[in-house]
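Trainee: For reference, the structure I am asking about is given below.
The values are calculated or read from the model by the stated rules, or taken from the named source; none is laboratory data. Everything quoted here is computed from the prediction, not taken from an experiment. Note: ideal-geometry Cβ built from the backbone for every residue, glycine included; neighbour counts use all protein chains shown. We work out accessible area using only protein heavy atoms, side chains counted, and drop any ligands, DNA or RNA first. Shrake-Rupley method; radii C 1.70, N 1.55, O 1.52, S 1.80 Å.
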Amino acid sequence: MTDQPAAESTTTITLDLWLDVVCPWCYIAKRRVQAAIGLFERPHDVSLVMRSWELHPDLARGVGGPVDHDARVPGESVAPGEQRVRVEEAAVDHEIRFEWSHAVRANTFDAHRLCALALELGGPALQSAMVERCFAAHFTEGLALDDHDVLQRISAEAGLDERRVAAVLASEEYAANVRADEEAGRRFGATRIPFLLANRTATFTDLGSVEDYLAVLRDVVTEKA
């Protein structure tokens, strides 16, 4: 990938980032992609959309219990206990706080449905706020993201319309959106998350640095120039 600036191009860029709101690496990836957009020559020409991906789709709602965040590191195996250290080191520059002992196991399907609602109601900006609120609820506050009372409250705090949220939670609305995201991710080659797609062509799997993501942006416009 090139590190050359791309200020002369007129190409607009859509970034699709597949993530789960209980994945610490996805939390960091989201912040790093946003940092890369901020460093890009034309940040207003970039749109970042979060796409649904469930790490534990078969987990029953309301199971609760502690989360084993040492279970997986993208692309590699590490000794038990090392993943938390690596996550915390990676998160240092991004103002993310992990309260590991507070995290509660939860099925994230309904949370993803509300993130899809946020995208429809307020575009990528409102969706980003909802995703951030979910991350904080899980990793910092120890809230169960499959509890409808929790989802109702944090959605309102993120800026979503409370009546629409209640209606969605009482129905199957946006379930098709979640399934479509997951199918699209697989179609584009995703086997794990975080997974980034730029203008439906350039892909980046696992956690990259801010510089990696900035290079993806510049590569896209260079190729289109």
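Trainee: Once Lys and Arg get +1 and Asp and Glu get -1 on their Cβ, which of Ala175, Trp25, Leu15 lies farthest toward the positive end of the dipole of the chain?
Mentor: So the residue furthest toward the plus end is Ala175.
Trainee: Roughly what angle does helix 24-39 make with the longest principal axis of the chain, taking Cα atoms, 0 to 90 degrees, to the nearest 10?
Mentor: Compared with the principal axis, the helix lies near 40 degrees.
Trainee: Another question, if that's okay. If you place +1 on the Cβ of every Lys and Arg and -1 on the Cβ of every Asp and Glu, how big does the dipole about the Cα centre of the chain come out, in debye to the nearest 20?
Mentor: Approximately 300 debye in magnitude.
Trainee: Another question about this same structure. Under the classification rounded if a/c is under 1.5, otherwise prolate if a/b is larger than b/c and oblate if not, where does segment 84-132 fall, given a ≥ b ≥ c as square roots of the Cα gyration tensor eigenvalues?
Mentor: The shape class here is oblate.
Trainee: Positive end of the charge dipole of the chain (Lys, Arg +1 and Asp, Glu -1 on Cβ, about the Cα centre): tell me which of Ala36, Leu217, Pro66 has its Cα farthest that way.
Mentor: Leu217
Trainee: Still on this structure: Amide H to amide H, which residues 5 or more places from Leu48 or on other chains are under 5 Å from it, using H placed in the peptide plane?
Mentor: For Leu48, the qualifying residues are Leu15.
Trainee: Students often check this: by mean Cβ neighbours within 10 Å, which of 201-209, 13-21 ranks highest, and how do the rest follow?
Mentor: Result, highest mean Cβ count within 10 Å first: 13-21, 201-209.
Trainee: How large is ³J(HN,Hα) for each residue in segment 46-51, as worked out from phi by the Karplus curve 6.51 cos²θ - 1.76 cosθ + 1.60 (θ = phi - 60°), to whole Hz, x for Gly and Pro?
Mentor: Result, rounded to whole Hz: 10, 10, 10, 10, 8, 10.
Trainee: Of the heavy-atom accessible surface of the chain (probe 1.4 angstrom), what whole percent is carbon and sulfur?
Mentor: Result for the chain: 49 percent of the exposed heavy-atom area is carbon or sulfur.
Trainee: Hey, can you find the accessible area per residue of the chain for me, probe 1.4 Å, expressed in square angstrom?
Mentor: 46 Å²
Trainee: As I understand it, the dipole of the chain uses +1 on the Cβ of Lys and Arg and -1 on the Cβ of Asp and Glu, about the Cα centre. Which of Ala91, Leu119, His138 lies farthest toward its positive end?
Mentor: Leu119
Trainee: When the helices in the chain are scored as -39500 (n - 2.57) per DSSP H run of 4 or longer and the sum is shared across all residues, what 222 nm value do you end up with, to the nearest 500 deg cm²/dmol?
Mentor: My calculation for the chain gives -15000 deg cm²/dmol from helical runs alone.
Trainee: Let me ask something additional. Please give the charge dipole size of segment 183-225, origin at the Cα centre, charges +1 on K and R Cβ atoms and -1 on D and E Cβ atoms. Round to the nearest 20 debye.
Mentor: The calculation lands at about 220 debye.
Trainee: Just to confirm the number: angle between the C-alpha axis of helix 82-91 and the first principal axis of the chain, 0 to 90 degrees, nearest 10?
Mentor: With both axes taken from Cα atoms, the answer is about 60 degrees.
Trainee: Taking the Cα centre of segment 134-206 as the origin, how large is its charge dipole in debye, to the nearest 20, when only Lys and Arg (+1) and Asp and Glu (-1) carry charge on their Cβ atoms?
Mentor: The dipole of segment 134-206 has a size of about 420 debye.
Trainee: Normalised by the number of residues in the chain, what is the relative contact order in percent for Cα pairs under 8 Å and 6+ residues apart?
Mentor: With pairs under 8 Å counted, the relative contact order is 34 percent.
Trainee: Mind ranking 118-131, 27-40, 89-102 by how tightly packed they are, going by the mean number of other C-beta atoms within 10 angstrom, highest first?
Mentor: Taking the mean over residues of other Cβ atoms within 10 Å, the ranking is 27-40, 118-131, 89-102.
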